[in-house]
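Reading through the structure tokens given below for one structure.
The values are calculated or read from the model by the stated rules, or taken from the named source; none is laboratory data. Computed from a predicted model, the values in this text were never measured in an experiment. As a convention, Cβ positions derive from the backbone with ideal geometry for all residues, glycine included, and neighbour counts pool all protein chains shown. The accessibility values were calculated without ligands, DNA or RNA, using every heavy atom of the protein model including side chains. Shrake-Rupley method; radii C 1.70, N 1.55, O 1.52, S 1.80 Å.
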Amino acid sequence: MSLITWTPELALQHAELDDTHEEFVGLLNDFSTALASGGDPMPAFEALLAHTEAHFAMEERWMAATGFAPENCHSKQHQMVLDTLREVRRYALELQDLEPMRIIGPELAQWFPAHAEMMDAALVFHMQQVGYDSATGALTKPEASEATALQAAQAAQPITSCGSSSCGH
């Protein structure tokens, strides 16, 4: 059962992140199909969780390398999703309760497009502004990164928002 369809509108024009996001969509749909089939959904859920942990860790590395504070709202949202997924896993394994699994799939399908459009798009834009090459970890415009860091230092605050002026945090 497909919860979400990968479409060009979800693409952020960043090959590595777009591939990762497309894989997330596929794994979310695989999990939904496994759950709907009446079989054991745990292998598909574990694959989704492992992917999501790696996916978010990748973005966290990029944020750290480009001047985001560790406690920014983008990172907080990642942590909230991971905490929820881990709790869903605990319910399934320890309590034999699959109801949270039935809820999490549609919730993730609703959450993901907005997260990608707002927070991930802002991260990609920020990476472009500072010339960050995610493949090598190099900054091709270190002066832009230094200017960003200087502005943050002058304001006595590191980048704590999602990277977008619409974040409000």
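Values for this structure:
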| read-out | value |
| --- | --- |
| Within the stretch 72-87, tally of residues that are closer than 23 Å to Ala138 by Cα and open to solvent by 10 Å² or more (accessible area, probe 1.4 Å) | 1 |
| Search result, residues across the stretch 88-97 that are touching a Leu at 6+ places or on another chain (Cβ under 7 Å) and open to solvent by 80 Å² or more (accessible area, probe 1.4 Å) | Arg89 |
| Ala121 more than 17 Å from Pro43 (Cα to Cα) and in contact with a His (Cβ under 7 Å, 6 or more places away or on another chain) | no |
